[in-house]
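Worksheet for the structure shown next.
The values are calculated or read from the model by the stated rules, or taken from the named source; none is laboratory data. Since this is a predicted model, take the numbers as computed values, not measurements. Note: ideal-geometry Cβ built from the backbone for every residue, glycine included; neighbour counts use all protein chains shown.
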Amino acid sequence: MASPELTKSLDPTGSSIATAAAATKTDSNAADSNATHAQSGKEVQLTSSESAPEPYLDFNRAADDAMWLLMYASETGKTVDDKTRSSILRARALPSAGWDDTIAANLLVALTKLASDLNPVTADSLRASRSNLTKPTIKILRGWTAVLAVPIVLVSLLSFVSSSISSAVRTDITTANDLLVKLRSELGTQEAPTAGTPAQPALPSGLNEGDVITQLQQYASTIRAIDARSRQLNAFVLGAERDPFANLRWDPKLGEKGYAGLSPDVQQSLSKKDYDSLTNEQKNALIEKQNEDNQKALKAKFQLTVGLPNMPADLDTLTGTYQDVRSFAQDILDRVSVYYGAITTCLLPVLYALLGTCAYLLRSFEEEVRTLTFTPSSRANWARFLIAGIGGAVVGLFSNFTITQGASISPLAIAFLVGYAVDVFFSFLEGLLQAFIKRKGSASSQAA
């Protein structure tokens, strides 16, 4: 049966707490001295405030921690002195009710020494690394990596493709403008040709007919290329711009629109009542004919007349088409530039910074599990995600960063580094702040 003095020593506010505090703050000799002093029966009262509750020493947990560390030291070949090993095994063999102050003090001294020798490995990290506590962490990190990687890959792909198409459209517009100026000076207009009469225009002397035809063909093909690429770009902004030739495009769903899908010319010659009285075969034939007529009209706008009997007239037709196509293309280019520019500047840096944090946490997790130092720390991880998000948003405000003379790195790469190594972000901010301070100091000295 435990003595009254031992019962008092296991009280959280009794002498064992004083022994615990002394053992964790001094070396083993000082701890033994304090343990001996604790057996004299002196009590030490620990004061506490409302915000900091009284500490409670769980000796059973301390014994378990010491055993975890002792087993790890044995498995890894770490040297443990006899006194430390005996103190742990003696405390572990006895029930806590059979402990006295000496056993408790020696246990804490042994635990303190083992924790110091095996640092950074702790009892908690051994439990976590050798249990299922690693599964939630790796599951969360894999989930966040997938959630971030999918939009990054998708947005990066869309930005790259839209940027390539936009560059091609701008190049084609420049080429078409140059060809138009050159052809207009060579051929004139249908009403005022440079040679011949409006009814019978002629090729000006000194011009090679083959060269002019080649220029006209290039002009027509460039217009068609601008039109095709502009319609592709329109899909990247979800069809925000209206196609000026939408009513002439082949529409496989034209029959679903019914009478409303017919052209105004057909509606003038065919009333809705007459249309409703037609059979399905007749309606399909009517729709098919309208699509074919639309294709002929569209071809007349984008293609040269066979044989080129009137080159100025063909040039005028192509120019009218080009004006509509160019206006449509420029509106699409503006929308794509604004939308994807905003995404690249504001959203992607944040996503890349968060992805960098995931990469760092995955690397740290692998290293901690390998070295048995893993402990779940969701609060610290969330704080790192928050810092990375802020850093990514700030990086998006800057253009390319110069590393050395002639070498620079993009903001997206900097954003990823900010997420992977937060210290890089703080070093950048501190360096920027120092630059401002130096400028201010030099300006003040010059003024003085």
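Structure notes:
- Scanning the stretch 215-248 for residues that are surrounded by 14 or more Cβ atoms within 10 Å (Cβ to Cβ) and among the charged types (D, E, K, R) yields Arg224, Asp227, Arg229, Arg231, Glu241, Asp243.
- Residue that is farthest from the chain's Cα centre (by Cα), among those in the stretch 130-169 that are closer than 30 Å to Asp65 by Cβ, polar (S, T, N, Q) and assigned to a helix (DSSP H, G or I): Thr134
- Subset of the stretch 157-212 [more than 30 Å from Ala235 (Cβ to Cβ), of a type in the set (A, V, I, L, M, F, W, C) and out of contact with any Gly (no Cβ under 7 Å at 6 or more places or on another chain)]: Val181, Leu183, Leu187, Ala192, Ala195, Ala199, Leu203, Leu207, Val212
- Residues located in the stretch 353-390, provided they are of a type in the set (Ser, Thr, Tyr) and either assigned to a helix (DSSP H, G or I) or surrounded by fewer than 12 Cβ atoms within 10 Å (Cβ to Cβ) (or both): Thr357, Tyr360, Ser364, Thr371, Ser378
- Residue match in the stretch 198-217 (condition: touching a strand residue (DSSP E or B) at 6+ places or on another chain (Cβ under 7 Å) and assigned by TED's automatic domain parsing to the domain that holds Glu292): yes
- Hits in the stretch 204-214 (condition: farther than 17 Å from Val306 by Cα and surrounded by 13 or more Cβ atoms within 10 Å (Cβ to Cβ)): Pro204, Leu207
- Listed by position, the helices (runs of 4 or more DSSP H) inside the stretch 228-302 whose residues that are more than 48 Å from the chain's Cα centre (by Cα), not assigned by TED's automatic domain parsing to the domain that holds Ser162 and not acidic (Asp, Glu) number at least 3 form an empty set.
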